[in-house]
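Only one structure is covered here, and it is reproduced in the block below.
What follows is calculated from the coordinates using simple rules that are stated; it is not laboratory data. Every value quoted in this text rests on a predicted model; they were computed, and no experiment measured them. Glycine gets a Cβ as well: all are built from the backbone with ideal geometry, and neighbour counts include every protein chain shown.
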Amino acid sequence: MHVPFCTDRCTYCAFATMADRPALHRDLVDALLLEYGRRPALEAGMETVYFGGGTPGLLAPGLLERLLNGLQARSRLETGAEITLEVNPTNVSKDALSAWSELGITRLSIGIQTFDDAVLAGFGRHHDGDLGRAALDLIAEHWKGLWSADLLVGFKDQTSQDLTFDLAQLLKRSAPHISVYGLTIEPGTQLHEQARRGSVVRLEDTYMDSYDILWSSYLHGFGYERYEVSNFALPEARSRHNQAYWRNEDYLGIGPGASSSRHPLRWSNLRDTKQYLEQISGNRDTRHHVERLQPSDRLLESLGVGLRTRDGVDIDELERRFGDSWRIALAAGIQQLKQQRLLEEVDNNLRIPATALTRADSIAAVFARTMELPPSQ
Ligand SMILES: C[S@@+](CC[C@H](N)C(=O)[O-])C[C@H]1O[C@@H](n2cnc3c(N)ncnc32)[C@H](O)[C@@H]1O
Ligand code: SF4
């Protein structure tokens with residue numbers, strides 16, 4: 001469920017967001033539920049729900065409750081379902097935490113990025129390091145569910161000490177889950193414009209490689225498992241929702257800019273919130289792109305997302321989806337990558353050895369180049 005509102009747009013962010021308009025919150029919630037009502041009914045119960053954005057933590061608890069009730073009016077929530085809410089440090093208070101908990105939210109994902117005041121100000125964030133720490137202290141003390149914090153790595157002038165300091169703040173509060181994102185310069189962002197004008201906005205890739213070793217070994221030393229390129233979890237704290245994406249399972253995305261996958265179809269919604277709301281109120285389609293995936297695309301997609309995870313791609317699942325044809329289609333790539341020690345078969349999974357996980361995207365690309373016969377489905 002995509003909630004596009006943000007207090008302001010951060011200079012690096014290209015997600016489908018708009019400056020917050022509290023007067024539109026109720027309209028958006030109603031539109032999300034209307035769109036949901038128009039999508040094919042889910043056959044099974046919902047195992048995970050993710051309120052992402054944007055900043056869904058800006059919605060009043062009453063509106064989140066309306067959303068959750070509306071969802072459940074049409075589909076069953078599985079017992080023990082994971083329900084995640086994305087929040088900013090400015091949304092967190094003792095009252096908000098207890099309201100979210102009463103609503104049945106089981107997991108919070110908080111955007112910290114860094115604790116460096118100057119960097120946060122340069123990014124256009126509406127919190128400083130102290131507010132980030134205060135929000136985490138409240139969560140660590142009062143939140144009984146799981147939670148995750150996002151960090152950005154690779155901003156201009158970031159030293160290894162800065163990175164270690166940011167990580168240490170999260171470890172001090174025993175964050176069960178940490179996402180560490182390498183800063184990317186996305187077209188259409190202010191950061192992109194600054195770079196285009198010649199400013200240095202990001203560390204060079206050579207630094208990023210050594211920083212990667214630093215943050216992954218640091219977190220490993222404190223018991224975190226790198227279960228996906230950018231994601232680290234203590235035991236039992238993996239994100240179930242994200243793992244479903246990485247297994248290339250079906251998902252339903254609702255709201256401006258949201259994408260959905262229901263094999264063999266993929267679709268994504270209009271990104272502009274105003275247009276999205278107009279389409280809903282005019283009873284018109286909110287999708288701007290619908291695509292039917294060929295089996296070869298689906299196979300490459302399964303590798304593209306699955307090989308970024310430590311578990312890798314489940315061979316039984318490949319067989320269930322593609323019969324024997326996947327092995328023939330991938331034979332050349334598998335042979336080449338195994339010889340280069342960039343691929344292994346362990347516990348009936350095809351996976352990348354831990355030391356090469358950061359190269360997952362270029363390793364998966366080998367299959368696109370070497371695929372022989374397209375698989376059938
Ligand atoms: C959809 S945002 C929501 C988080 C929340 N609104 C916040 O900012 O606190 C999810 C995460 O994506 C990451 N992100 C956004 N733009 C990025 C970029 N250009 N490069 C790397 N990570 C990015 C940030 O770490 C952010 O916390
Ligand atoms: S990083 Fe978060 S707060 Fe900043 S613009 Fe993106 S979604 Fe909004």
Starting from the 7 Å offset along Cα-to-Cβ, what nm value, one decimal, do you get for the label separation of N283 and M208? 4.8 nm
With 0.36 nm assigned to each residue of separation and the Cα-Cα distance removed, D311 to V200 gains 36.3 nm
Prolate/oblate/rounded label for segment 65-189 (Cα gyration tensor, a/c 1.5): prolate
Loop sites in segment 266-305: trypsin sites (Lys or Arg not before Pro), DSSP, at most 15 other Cβ within 10 Å: R284
Segment 299-353: trypsin sites (Lys or Arg not before Pro) in DSSP coil with no more than 14 other Cβ atoms inside 10 Å: R341
Additional length obtainable on full extension of the chain from D20 to S93, 0.36 nm per residue less Cα span: 24.4 nm
Enumerate the lysines that K94 could reach by cross-link, defined here as Cα to Cα under 19 Å, with residues fewer than 8 away along the same chain left out. K144
Residues of segment 163-192 with backbone nitrogen within less than 18 Å of a virtual label 7 Å along the Cα-to-Cβ line of A140, please, listed as ranges. 163-179
Give me the distance in nm between label points sitting 7 Å out from Cα along the Cα-to-Cβ direction at D347 and A44, one decimal. 1.9 nm
Find the relative contact order for segment 121-202 and round it to a whole percent, using C-alpha pairs within less than 8 Å whose residues are 6+ positions apart. 33 percent
Once fully extended, how much extra length lies between E301 and K274, figured as 0.36 nm per residue of separation less the alpha-carbon to alpha-carbon distance? 6.6 nm
Cysteines in the chain lacking a second Cys C-beta under 4.7 Å: C6
Using all alpha carbons of the chain, what is the percent of pairwise distances in each 20 Å bin, ordered from the shortest bin to the longest? 26, 59, 15
Relative contact order for segment 2-245: what is it in percent, counting Cα pairs under 8 Å that are at least 6 residues apart? 18 percent
Fraction of beta bridges assigned by DSSP in the chain that are antiparallel (%, nearest 5): 50 percent
Loop-only GluC sites (Glu not before Pro) in segment 196-276, please: DSSP not H, G, I, E or B, and at most 16 other Cβ atoms within 10 Å. E204, E236, E249
Cut-off under 18 Å on the C-alpha distance; same-chain residues fewer than 8 positions from K156 excluded. Which aspartates and glutamates are left, in chain and number order? D116, D117, D128, D166, E186, E193, E204, D205, D209, D212
Once both labels are modelled 7 Å past Cα along the beta-carbon direction, what's the D324-Q294 spacing in nm? 2.3 nm
Taking the alpha-carbon set of segment 6-77, what are its Rg and Dmax in Å? 13.6, 40
